[in-house]
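A short worksheet on the structure shown next.
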2 protein chains.
Amino acid sequence: MTKAQAMSTYLTEENSEDTVIGRIGEDCDSRFRQIMESAVRHLHAFVKDVEPTEAEWAKAIAFLTATGQKCDQNRQEWVLASDVLGVSMLVDAINHRQPTGATENTVLGPFHVEGAPHEEMGANICRDAKGESCVVTGRVVDIDGKPITGAKIDVWSDNADGFYDVQQPGIQPAMNMRGIFTTGADGLYRFRTIRPTSYPLPDDGPVGEILRQLGRHPHRPAHIHFIVSADGYETLTTHIFDAEDSYLDSDAVFGVKPSLIANFVADPTGSARWHVDFDFVMKPAT
Amino acid sequence: MTKAQAMSTYLTEENSEDTVIGRIGEDCDSRFRQIMESAVRHLHAFVKDVEPTEAEWAKAIAFLTATGQKCDQNRQEWVLASDVLGVSMLVDAINHRQPTGATENTVLGPFHVEGAPHEEMGANICRDAKGESCVVTGRVVDIDGKPITGAKIDVWSDNADGFYDVQQPGIQPAMNMRGIFTTGADGLYRFRTIRPTSYPLPDDGPVGEILRQLGRHPHRPAHIHFIVSADGYETLTTHIFDAEDSYLDSDAVFGVKPSLIANFVADPTGSARWHVDFDFVMKPAT
């Protein structure tokens, strides 16, 4: 081997990205190659930018390790990391470049569960009798404003104490604050719940430690989750946010979009304390 | 809140990095801020470059999770990830910009253990009677070529089957292929071992799967590990590589440097089958 060959074969500070990328095999899947080439270029650029000491790199390895080890059936610390670094919302934005007029997406979050009960319009999904009662109403329509029949509205939220039922098994009733509603020919929906409450993300793990070191709080502004689906339309995963919440401009997961903020007003019918009205505008399936 | 305020407060595809960085608190440690700002910029640039689908991002989360969960007392899958992506060697290069003439560093690897036995010069560290015998000799000197007295040479390698003792507890003798030697006034060292053998990294985990998808093999070329330390000098962590190994130009962890390649020759004294001579040149401590 000549010295020139050696210089291009062996990794140096100068050639590091190209050396790693140069090892990728001929028959590597082209999309996987594209992703890994970009990952290697950005990872090496990051390391060259910050020039970590060996002790700092060891800390990074310890963080990466601990974040995976914190994950279990009820906890996904890497999703939390992706959320609090704004990556989940960026991936969401890239995948849901909506046409004008369609309701915007936001994060799914880790607390959705399959199999919530199907309910009649008007039913109450608050099954623990806590919190301030609220009627939620609106329409599911297409981008021309025409009602969508048979749209499924899967709703969930935390309870008045700021916890989802799956965070408190045995404490909250099963399927507390969850239900699925199906629209009729008018596209209207209506259900009872509580005015939602803000809550902190689980911050007792490595991601919580990063938030503390960054001088950031772990709170999400009060919101109700929705997955709205209908034949022929792109499924919509979104929230309604409470316009009066103090964490609206500092959501720990960057999930707030101005178009998703709604006013909770005193219920004019007196059947509940609060009322909020919000229409879901669906985009045709591609 | 005005619309202009909203546009800068809420995360969009366009402002995502700035929005996340803008949340860092005033009293965040300045070095931590620098590292996290760079991490966020490169992470978001990577996502914008490859535009992952939601399914691809979920796969990335699954990889990150599994890599942490593969780690235990005997396995550090994140170090392996850092190694095979060339990051460990890049961090090493950044932290050891040697003056001309000093022996170059390379990766520590995951198999060093503290507490290897102190041995007399000439002792045999091969404790399982396998492999092709080899005498290793050389000098520990400063950059002016003067011998260093009292330098500690901590040596370790895999055995003839390609495994380190810690990978085969109960199969290999304790401290097989390990020993610590201390130089006298002449700076000379001398010990017996075997001519080292190449071996695959543990590739039954998420990192092995990445290597397979990249069309890369998991092998390291044959080498002997050294940590050389002496008062007043920067500790040197390095390898001697066997010049005849077929994996020299494709080390799975990019650890090879041309200056660390040595010729193993028939032992002229006949006391062993092979002989290799290598001098360690130490840099003054900073």
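Observations on the structure shown:
- The two copies B and A are related by a rotation, and the chain B beta carbon nearest its axis, with distance in whole angstrom, is B:Gly68, 1.
- Nearby lysines by direct alpha-carbon distance to B:Lys257 (threshold 22 angstrom, same-chain neighbours under 8 apart not counted): A:Lys3, A:Lys48, B:Lys283
- Estimated translational D of region A:79-175 in µm²/s (Stokes, Kirkwood radius over Cα pairs; 25 °C; 0.890 mPa s): 150 µm²/s
- Annotation: amide H-H contacts under 5 Å for A:Arg220 (H modelled 1.01 Å from N, sequence separation of 5 or more, or interchain): A:Tyr199, A:Leu201, A:Ala252.
- Rg to Rh, two decimals, where chain B supplies the alpha carbon set and Rh follows Kirkwood: 1.08
- Eigenvalues of the alpha-carbon gyration tensor of region B:3-51, scaled by 5 and square-rooted, set the equivalent ellipsoid semi-axes at 20, 17, 4 angstrom, largest first.
- Projected onto its three principal axes, the C-alpha set of the protein assembly as shown covers 102, 47, 46 Å, listed from the longest axis down.
- Note on the protein assembly as shown: dipole from Cβ charges, positive end direction compared against B:Pro99, B:His225, A:Val40; the farthest Cα belongs to B:His225.
- Fraction of antiparallel bridges per DSSP, chain A only, in percent to nearest 5: 70 percent
- Based on DSSP H segments of at least four residues, each scored -39500 (n - 2.57), the protein assembly as shown has a per-residue ellipticity at 222 nm of -8000 deg cm²/dmol.
- Estimated distance in nm for a label pair at A:Gln168 and B:Glu14, the labels positioned 7 Å out from Cα along Cα-to-Cβ: 4.2 nm
- With its label point put 7 Å out from Cα toward Cβ, A:Pro173 sits 7.2 nm from the same residue's point in the other copies, in order from shortest.
- Relative contact order for region B:230-270, counting Cα pairs under 8 Å that sit 6 or more residues apart, in percent: 44 percent
- 0 to 90° range, to nearest 10: angle between helix B:54-69 axis and chain B longest Cα axis: 40 degrees
- Spatial separation of Cα centroids for region A:201-224 and region B:212-272, in angstrom: 45 Å
- Charge dipole magnitude, Cβ of K and R +1, D and E -1 - chain A, Cα centre, debye nearest 20: 280 debye
- In the assembly of identical copies, B:His217 has its label point, taken 7 Å from Cα in the direction of the beta carbon, separated from the corresponding points by 5.8 nm (ascending, one decimal).
- Relative contact order of chain B, defined on C-alpha pairs under 8 angstrom at six or more residues apart (%): 20 percent
- Computed from Cα positions, the angle between helix B:30-50 and the longest principal axis of chain B comes to roughly 70 degrees.
- Derived value for region A:14-166: Kirkwood hydrodynamic radius 20.8 Å. Basis is the mean of 1/r over every pair of different alpha-carbon atoms.
- The alpha-carbon positions of region B:177-227 define a convex hull whose volume is 112 Å³ per residue.
- Take every DSSP beta bridge whose two residues both sit in the protein assembly as shown; close to 70 percent of them are antiparallel.
- Scattering profile of region A:164-266 at q = 0.21 Å⁻¹ [log10 I(q)/I(0), Debye over alpha-carbon scatterers]: -1.28
- Dipole-positive endmost among B:Gly270, B:Pro173, B:Gly184 within the protein assembly as shown (Cβ charges, Cα centre): B:Pro173
- Shortest-first distances to equivalent copies, position A:Ala266, nm, label 7 Å out along Cβ: 10.4
Every read-out reported here was derived from the displayed coordinates using simple, explicitly stated rules and does not represent laboratory data. Quantities reported herein were computed from a predicted structural model and do not represent experimental measurements. Reconstructed Cβ throughout: ideal geometry from the backbone, glycine too, with neighbour counts over all protein chains shown.
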